[in-house]
Structures are given as structure tokens and as C-alpha cells.
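Take a look at the structure below.
The values are calculated or read from the model by the stated rules, or taken from the named source; none is laboratory data. All figures in this text were calculated on a predicted structure; none of them were measured in a lab. All Cβ positions, glycine included, derive from the backbone under ideal geometry; neighbour counts span all protein chains shown.
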């Protein structure tokens, strides 16, 4: 039979899942559509068709959702976008937002 201490510990245990973060690409006037598609395929592993849809979303709505990830993965993808854009002379930006 469990003691009172065991009951207290059991009652306090609550499983919490890690927060998820959305990664968005932001529209600008200089980054080419082809480069955005390349970013979506190489960093976010999207098919060409999905990359085209997201690129158009970025173009038409000023930002487009690339995926939802754990914080560490989302942060890494944002840094990869920044590095690849800078290396190719584009001002493309990515950001992450906590999922609600």
C-alpha cells in the first residue's frame, strides 16, 4: 500500500510537452523568388511544389510559414537562412514565434 508521500508525489507529476516554434520567412524587395524556393527546399526540405506555395505566401502576405519545430531546431533553421542569405548577397530574414 502506498504511503502518503507516494500519493503526494504521484499527484504532483504532470507531463509537459516541449513548446513548439513556428519559423517564418519575411518578404523583402530584393531577394529573388528562386532563392526563396532554394532556401525552402534545402533548409526546410520542402518539395518544389510546396516551396513554390510558401514562396507565394511570403510574396503576397509579407511572411510565410516554413514549419513548426522544437526551439533548438527552429533557432538553427533561422540561423541557416541568415547565413545562406548573407553568403548569397540577399537580405532574406527568418523569424521564429512560439506556437500558441
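Quick check on segment 70-92: of everything there that is touching a helix residue (DSSP H, G or I) at 6+ places or on another chain (Cβ under 7 Å) and under 18 Å from residue 22 (Cα atoms), which residue is surrounded by the fewest Cβ atoms within 10 Å (Cβ to Cβ)? Filtering segment 70-92 for residues that are touching a helix residue (DSSP H, G or I) at 6+ places or on another chain (Cβ under 7 Å) and under 18 Å from residue 22 (Cα atoms), the one surrounded by the fewest Cβ atoms within 10 Å (Cβ to Cβ) comes out as 92. Is it the case that residue 44 is surrounded by 15 or more Cβ atoms within 10 Å (Cβ to Cβ), over 17 Å from the mean Cα position of the chain (by Cα) and under 21 Å from residue 76 (Cβ atoms)? The answer is no for residue 44. The single condition among (1) modelled with pLDDT of 95 or more; (2) exposed (fewer than 11 other Cβ atoms within 10 Å of the Cβ) that residue 63 does not meet is (2).
Each residue in segment 17-35 was checked for being out of contact with any strand residue (DSSP E or B) (no Cβ under 7 Å at 6 or more places or on another chain) and either exposed (fewer than 13 other Cβ atoms within 10 Å of the Cβ) or not in a loop (DSSP other than H, G, I, E, B) (or both), and 7 of them qualify.
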